[in-house]
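Taking it in order: structure first as structure tokens, then the write-up.
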Amino acid sequence: MAKVHKLLRKVEEERRRAERAESEQRKLMQRAEKADRAAAEQAERAESEQVATQLAAAEVARLQSESRAQCDAEMQRAKEERHRAEELAARAVRESERAALVAAAAEVEQGRAADARLRAEVLIEQASLSVALGPYTFRRGARGVGRGA
């Protein structure tokens, strides 16, 4: 009987060892599952961060492209505005030159008109003198006036 008790104790010890080993194995399995979950979460986070980084890079590229296109459009508009301004300035110069020519022509005409007015005044004065001095004053050989008549 002592051998049976001894065997029973050994069996009981083996069963406890087996239970401890199973318990230890379950713990290890749980740790491994935890580690797997943590690794999967970390991989998911890394993938998510990578996707976020790629999305951010794509957004930056899109914004840069839009900004470049906007800048090009603004530069084109500025060139067109400068061209229009140059055309307006050239037109203003031509109009100014034309106005100067018209003013010069007006001065010439005014000078001619003044000359004509002076000639008319001289003719009027001569006619007035002619009437006042008589019909023979300005003729040659007129009687009574002039050379020893």
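Averaged over its residues, segment 1-102 has an accessible area of 93 Å² per residue, based on protein heavy atoms and a 1.4 Å probe.
Dividing the alpha-carbon radius of gyration of the chain by 2.2 N^0.38 Å (N being the number of residues), what value is obtained? Intermediate values should be presented prior to the final figure.
Values: Rg = 61.3 Å, N = 149, 2.2 N^0.38 = 14.7 Å.
This ratio for the chain stands at 4.16.
For segment 4-16, backbone phi angles converted through the Karplus equation (6.51, -1.76, 1.60; θ = phi - 60°) give residue-by-residue couplings of 5, 4, 4, 5, 4, 5, 5, 4, 4, 5, 5, 4, 5 Hz, Gly and Pro being listed as x. Here the chain is assigned +1 on the Cβ of each Lys and Arg and -1 on the Cβ of each Asp and Glu. Its dipole about the Cα centre then comes out at about 220 debye. A simple spin-label model places the labels of Ala100 and Ser67 4.9 nm from each other, with each point 7 Å out along Cα-to-Cβ. 3J(HN,Hα) along segment 68-80: 4, 5, 5, 4, 4, 5, 5, 5, 4, 4, 5, 4, 4 Hz, from the Karplus curve 6.51 cos²θ - 1.76 cosθ + 1.60 with θ = phi - 60°, whole Hz, x for Gly and Pro. Of all aspartates and glutamates in the structure, the ones whose alpha carbon falls short of 13 Å from that of Lys27, not counting any fewer than 8 places away in one chain, are Glu19. Can you pull the percent of segment 4-116's accessible area that's carbon plus sulfur, 1.4 Å probe, other chains left in place? Roughly 56 percent of what the probe reaches on segment 4-116 is carbon or sulfur. Candidate cross-link partners of Lys34 among the aspartates and glutamates, defined by an alpha-carbon separation under 19 Å and a same-chain spacing of 8 or more, comprise Glu22, Glu24, Glu44. 3J(HN,Hα) couplings calculated from phi for segment 120-131 with the Karplus curve 6.51 cos²θ - 1.76 cosθ + 1.60 (θ = phi - 60°) are, in sequence order, 5, 5, 5, 5, 4, 4, 5, 5, 5, 5, 4, 5 Hz; Gly and Pro show x.
The values are calculated or read from the model by the stated rules, or taken from the named source; none is laboratory data. Predicted model only: the values in this text are computed from it and were never measured. Every residue, glycine among them, receives a Cβ derived from its backbone with ideal geometry; neighbour counts consider all protein chains shown. The area values use the complete protein model at the heavy-atom level, side chains included, leaving out ligands, DNA and RNA. Shrake-Rupley method; radii C 1.70, N 1.55, O 1.52, S 1.80 Å.
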